[in-house]
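Data block below; observations after.
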Amino acid sequence: MLEHLYKKLHLIFISTIMSIITVIIGILCNNFIDHKRQNDSTFFARLSMLMIYELENPEKSPETVIKPYEDSYSVFALLKDAQGNVIYQSPLSFPTDITFLLKQFTEKANTEAVTALGGTAATTAGGILSFFGGSHDKYWGIPAIVIDKNGSLFYLSLLQQQKTALELIGQQLPFYILLWGISLFCIAIVSRFLLKHAIEPTEKVIKSQKDFIASASHELKAPLAVILANNDKINGLSDGIPDIQKATHIIDAETMRMSRLIKDMLLLASSDSGTRNINKTMVNMDTVLISLYEAYEPICSQKGMPLAADFMDVRFPILCTDQECLFQILSIFMDNAISHSAAKASIQIKATLSRKAITISVIDHGQGISALDKPHIFDRFYCADKSHTDKSHFGLGLSIAKELAGFLSANVGVKDTEGGGATFFLTLPLKQEPHWRCT
């Protein structure tokens, strides 16, 4: 139980701390990207101003001025004269068609930069515009009016594709990944150390309790045997005295009840300490099921409960498992079904075979299990009968079935029976141990 709690706390602790670290790293990455993007836009603005000033010199052809910027910085330029005729257009291509980009750019420029550039008598550049292409790509754009030294007027449109977030953070990404990995490693080590030390006192207390229960159970076996032996002797000497015989019968019943409790506690103690011996042999499932039916058919008949066997038509494979554990689990299911079924209510032993497992079910039509009790039905000392009117059960049987199923690498469960009642089932995997492990 503590091991499960430790793993759960360990996972929660690491997940919480790493979530915080991930958010912090995400903020750092976002700030870094914003800073890089700001630098890129500033650099693009400076490149544009240099190009515009060079274009003011009529002695240089537009192609001679623009070509270096195209090759080195992927700057697209469209230069038109005052009449709107294209003088030069860069041959660069982008993910989005250039016609669409120019249309987007023009619309953006008309709404944000037309007043700034209208009616100017000198070279003027608008502010940097940002707009999207048609393929989730993003661009910078600068509109400008260039007036060369001869007084000729030109309209210039400059575009440059913005780098993606991955491209901007590309060189820093390994550093952030390494930082995240180192943080995860350190947090895992530190949390493991802290949680181990935090749980250690609780582990010692629980271990001492388990040792006490195991020791007390062993010690109680001897006086119980003495009580039973002397009770039998008193019963033999009390012929003809009804009150004494009644008292000895009560002593015998309660002593046997306590004996069963001690036996269950010893089994759970051996499970907790890991000393439970599992004796796996080659087991014929048909034999186990028939033996279960033959053992409980007289008990059911005595109580007026029809017992049906729904497994005769299935040919089961031989499994490597512990027959005693298997029979004990099914016996617990049968005892539970008989205890919680009314007179004349039928009980059914059903077994099915699939490609991966054998499922054995004990189906009753009794009072059933409420949705509130169902999640806890296999917990130790849990009893759906809160009034404890049924003193023959201690809330250990089903928890023992679950413990034994764990030894067999099997699963136990419960579901509602159609029409009322409960169906307890055991699922045994068909994947067998190697033959040399079976005796």
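The values are calculated or read from the model by the stated rules, or taken from the named source; none is laboratory data. Because the structure is a prediction, the values reported are computed rather than measured. Note that each Cβ is placed from the backbone with ideal geometry, even for glycine, and that neighbours are counted across all protein chains shown.
See the values below:
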| quantity | calculated |
| --- | --- |
| Residue check for Lys108: in the same structural domain as Asn39 (by TED's automatic domain parsing), touching a helix residue (DSSP H, G or I) at 6+ places or on another chain (Cβ under 7 Å) and at pLDDT below 90 | no |
| Hits in the range 300-337 (condition: in contact with a strand residue (DSSP E or B) (Cβ under 7 Å, 6 or more places away or on another chain), closer than 22 Å to Gly413 by Cβ, free of Cβ contacts under 8 Å to residues at least 60 places away in the same chain and buried (at least 16 other Cβ atoms within 10 Å of the Cβ)) | Leu307, Phe311, Phe316, Gln323, Met334 |
| Members of the range 149-164 found to be free of Cβ contacts under 8 Å to residues at least 40 places away in the same chain and touching a strand residue (DSSP E or B) at 6+ places or on another chain (Cβ under 9 Å), listed by number | Thr164 |
| Selection status of Leu102, of a type outside the set (Lys, Arg), within 17 Å of Asp148 (Cα to Cα), assigned by TED's automatic domain parsing to the domain that holds Leu159 and within 60 Å of the chain's Cα centre (by Cα) | no |
| Tabulated pairs, the range 33-47, first over 14 Å from Gln160 (Cβ atoms), second surrounded by 16 or more Cβ atoms within 10 Å (Cβ to Cβ) and among the polar types (S, T, N, Q), C-beta under 7 angstrom, 6+ apart or interchain | none |
| Pairs, first touching a residue at least 24 places away in the same chain (Cβ under 8 Å) in the range 97-109, second loosely packed, with under 13 Cβ neighbours inside 10 Å and not in a helix (DSSP H, G or I), C-beta under 6 Å, six or more apart | Phe100/Gly134 |
| Count of the range 351-383 residues which are surrounded by 15 or more Cβ atoms within 10 Å (Cβ to Cβ), touching a strand residue (DSSP E or B) at 6+ places or on another chain (Cβ under 9 Å) and of a type in the set (D, E, K, R) | 2 |
| Checklist (1) closer than 19 Å to Met49 by Cβ; (2) outside the structural domain of Met51 (by TED's automatic domain parsing); (3) not acidic (Asp, Glu) applied to Ile177, failing item | (1) |
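Every residue, every condition in (1) within 30 Å of Pro143 (Cα to Cα); (2) at pLDDT 95 or above; (3) of a type in the set (D, E, K, R), yes or no:
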| position | (1), (2), (3) |
| --- | --- |
| Ile12 | no, no, no |
| Thr16 | no, no, no |
| Ser19 | no, no, no |
| Ile24 | no, no, no |
| Leu28 | no, no, no |
| Asn31 | yes, no, no |
| Lys36 | yes, no, yes |
| Asp40 | yes, no, yes |
| Ser48 | yes, no, no |
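Here is a yes/no grid of residues against (1) loosely packed, with under 11 Cβ neighbours inside 10 Å; (2) among the β-branched types (Val, Ile, Thr):
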{"site": "Leu5", "(1), (2)": "no, no"}
{"site": "Leu11", "(1), (2)": "no, no"}
{"site": "Ser19", "(1), (2)": "yes, no"}
{"site": "Cys29", "(1), (2)": "no, no"}
{"site": "Arg46", "(1), (2)": "yes, no"}
{"site": "Lys67", "(1), (2)": "no, no"}
{"site": "Val75", "(1), (2)": "no, yes"}
{"site": "Gly84", "(1), (2)": "yes, no"}
